[in-house]
Amino acid sequence: MAKAETQIKLGIIGYGFRIRHVANLMKDHVNARVVSICDIDLDQARSNAKENEPNVNDIAFFVSADELLD
């Protein structure tokens, strides 16, 4: 029986250009998906996520890192 591959769930604090690139690299090489994003500019983070994340409707967005980590 084949072993089920574990999916890595990513919570990202600060959704700028560099981390979007890193997240895309991770998704290309391992079974990973973004599940939450924290950024002080939520409107920009949501806009960026719509362009980069296929599961954008399943992503939780936060302004506070403490909220993301709860």
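The values are calculated or read from the model by the stated rules, or taken from the named source; none is laboratory data. Bear in mind the structure is a predicted one, so any value in this text is a computation, not a measurement. Cβ coordinates were reconstructed from backbone atoms using ideal geometry, including for glycine residues, and neighbour counts include every protein chain displayed. All accessible areas refer to the heavy atoms of the entire protein, side chains included, with ligands and DNA or RNA removed. Shrake-Rupley method; radii C 1.70, N 1.55, O 1.52, S 1.80 Å.
Accessible area of His21 (1.4 Å probe, protein heavy atoms only, ligands and nucleic acids ignored): about 100 Å².
By a 1.4 Å probe calculation restricted to protein chains, Leu69 has an accessible surface near 130 Å², given to the nearest 10.
Counting every C-alpha pair in the chain, the share spaced more than 18 angstrom apart comes to 35%.
Enumerate by residue number the GluC sites (Glu not before Pro) in the chain meeting two conditions: DSSP loop (anything except H, G, I, E, B), and at most 13 other Cβ atoms within 10 Å of the site's Cβ. Intermediate results must be reported in sequence, preceding the final value.
Numbers: sites: Glu5, Glu51, Glu67; in loops: Glu5.
Taking the chain and a limit of 13 other Cβ atoms within 10 Å, the loop GluC sites (Glu not before Pro) found are Glu5.
Between Ile13 and Cys38, the built amide H atoms are under 5 Å apart, and every one of these is 5 or more places off in sequence or on another chain. Rounded to whole numbers, the Karplus 3J(HN,Hα) couplings from phi for the stretch 59-69 are 8, 8, 10, 9, 8, 9, 4, 4, 5, 4, 7 Hz, using 6.51 cos²θ - 1.76 cosθ + 1.60 with θ = phi - 60°, and x at Gly and Pro.
Our helix-only sum for the chain, with -39,500 (n - 2.57) per DSSP H run of n ≥ 4 divided by its residues, gives a mean residue ellipticity at 222 nm of -12000 deg cm²/dmol. Rolling a 1.4 Å probe over the protein heavy atoms gives the chain an accessible area of 72 Å² per residue. With R₀ set to 22 Å, the beta-carbon distance separating Ala65 from Val30 gives a calculated FRET efficiency near 0.40. For the chain, the longest principal axis of the Cα atoms and the long axis of helix 42-52 meet at an angle of about 30 degrees.
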